[in-house]
Amino acid sequence: MILAGDVGGTKCNLALFSEKRGTLAPVFKQRFASKEFAQFERIVKEFSRQAAEHLGKERIVAAGFGIAGPVINGSVRATNLPWIVDTASLIKELNVPHVVLLNDLGATGHSIEHLPPEDFCILNTGKPEPGGTRALLAAGTGLGQSILVWDGGRYRVVPSEGGHSDFAPHTEQQIELLRFMRRRYPQVSWELILSGRGFRTLHEFLAPKVIHASFEDPDADPAPEITRRGLDKSCRVCSDTLDLWTAIYGAEAGNLALKVLALGGVYVAGGIAVKILEKMKDGTFFHAFKDKWKFEGLLSDVPVSIVLNESAPLLGAAYEALAAIDK
């Protein structure tokens, strides 16, 4: 059995996979609220207790975890959680010989080769270059980015923390947005906008006097209400917020494609894209993606796909754990 985890600032998904002829199949899956646990090891312990009946006489031989944060020397300080996760502690807790820690986007990157065609929504077919570099970005609780490089036999994932780099406005309106946000934050990163919390920020920028019910509750997340009203067009400000957010997402995806020359394709993952899929498909995202002056022609040939399977990080982490057995 292989244990895999997708560890984020909001939730942790853990799953058991069985292996047959190099192919993994899920056996048991459980979701935990990240902030209800002081340490990641406690989630692992609770999952192990719940999974015991599914293991039977089998045992976990390897584990892989995709975590939001940079992995350095087998340890990661979670970006949006007060956790430090390291391989030594997990090997001891699980009593397994192989534990692999990956950046969460790295885990998603490793899943791409194992996902069926129906797990992708194609925004632009493009003209993929065989073995060409790929780019991956995912907006959710935060904004993850990574690069996939072909080594002659498989794609290797190069992690990145590009979501924390400085936001670059693309239009006059976005220049005003930057000024608005600089009054609130010491640094305006892409992640401050391209994450769940960014929807309320953009809404307040566009119409500070328009307040919805979810804004009044300090424990509520306004993003679902804003995106729902934006999609059904029951609120003009919400619709404009969704337009602006999607355009900024497309612009940053195009930036990443240029920086790594992603002629093998750009993949958009994360929970938000799936939840606003109809908006992602209406042309707003791809227009901003390719709007790069002299490089519009090049970017028009770059394939762009949305990863629909939200369990992709789990699958990628599981396959990397499986690969670690043979090393």
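Values quoted throughout were computed directly from the atomic coordinates according to the rules given, and no laboratory measurement underlies them. Bear in mind that the values here come from a model prediction, so they are computed numbers and not experimental data. In this analysis, Cβ positions are derived from the backbone assuming ideal geometry, glycine residues included, and neighbour counts consider all displayed protein chains.
In what sequence do Ile91, Ile60 fall when counting other Cβ within 10 Å, fewest first?
On the way: Ile91 15, Ile60 19.
The fewest-first ordering by Cβ neighbours comes to Ile91, Ile60.
So for the pair Arg154, Ile84, with labels modelled 7 Å out along Cα→Cβ, what separation do we get in nm?
According to this spin-label approximation, the distance is 3.1 nm.
Which loop trypsin sites (Lys or Arg not before Pro) in the range 174-232, with loop taken from DSSP, have no more than 16 other Cβ atoms within 10 angstrom of their Cβ? Could you put the intermediate results ahead of the total?
Details: sites: Arg179, Arg182, Arg183, Arg184, Arg197, Arg200, Lys209, Arg228, Arg229; in loops: Arg183, Arg184, Arg197, Lys209.
Answer by residue number: Arg183, Arg184, Arg197, Lys209.
Enumerate by residue number the GluC sites (Glu not before Pro) in the range 23-92 meeting two conditions: DSSP loop (anything except H, G, I, E, B), and at most 10 other Cβ atoms within 10 Å of the site's Cβ.
Numbers: sites: Glu36, Glu41, Glu46, Glu53, Glu58; in loops: Glu58.
Within the range 23-92, no GluC sites (Glu not before Pro) qualify (loop, at most 10 other Cβ atoms within 10 Å).
For the chain, return all DSSP H helices satisfying: extent of Cα atoms along own axis at least 18 Å; mean Kyte-Doolittle hydropathy at least -0.5. Please list the in-between numbers first.
On the way: long enough: 40-55 (21 Å, -0.58); 236-260 (36 Å, 0.41); 312-325 (20 Å, 1.42).
Sorted by number, the helices that extend far enough and score high enough are 236-260, 312-325.
So if I take the centroid of the Cα atoms in the range 259-327 and the same for the range 101-146, what is the distance between those two points in Å?
First find each Cα centre; the distance between them is then 4 Å.
Just to be sure I follow: if Rg is taken over the C-alpha atoms of the chain and Rh is the Kirkwood radius over the same atoms, what is Rg/Rh? Before the final figure, lay out each step's value.
Details: Rg = 20.1 Å, Rh = 20.5 Å.
Value, to two decimals: 0.98.
In nm, to one decimal, how far is the Ala323 label point from the His212 one, both placed 7 Å along Cα→Cβ?
According to this spin-label approximation, the distance is 4.0 nm.
Roughly speaking, what is the centre-to-centre gap between the range 29-49 and the range 179-227 when only Cα atoms are used, to the nearest Å?
29
Quick one: length gained pulling Asp301 to Lys35 fully straight, 0.36 nm per residue minus the C-alpha distance? List each step's numbers first, then the result.
On the way: separation 266, 0.36 × 266 = 95.76 nm, distance 4.20 nm.
Once the chain is fully extended between Asp301 and Lys35, it gains 91.6 nm.
How would you classify the range 116-308 from its alpha-carbon gyration tensor, with a ≥ b ≥ c the square roots of the eigenvalues: rounded for a/c under 1.5, else prolate if a/b is greater than b/c, otherwise oblate? List each step's numbers first, then the result.
Values: a/c = 1.88, a/b = 1.70, b/c = 1.11.
Here the range 116-308 falls in the prolate category.
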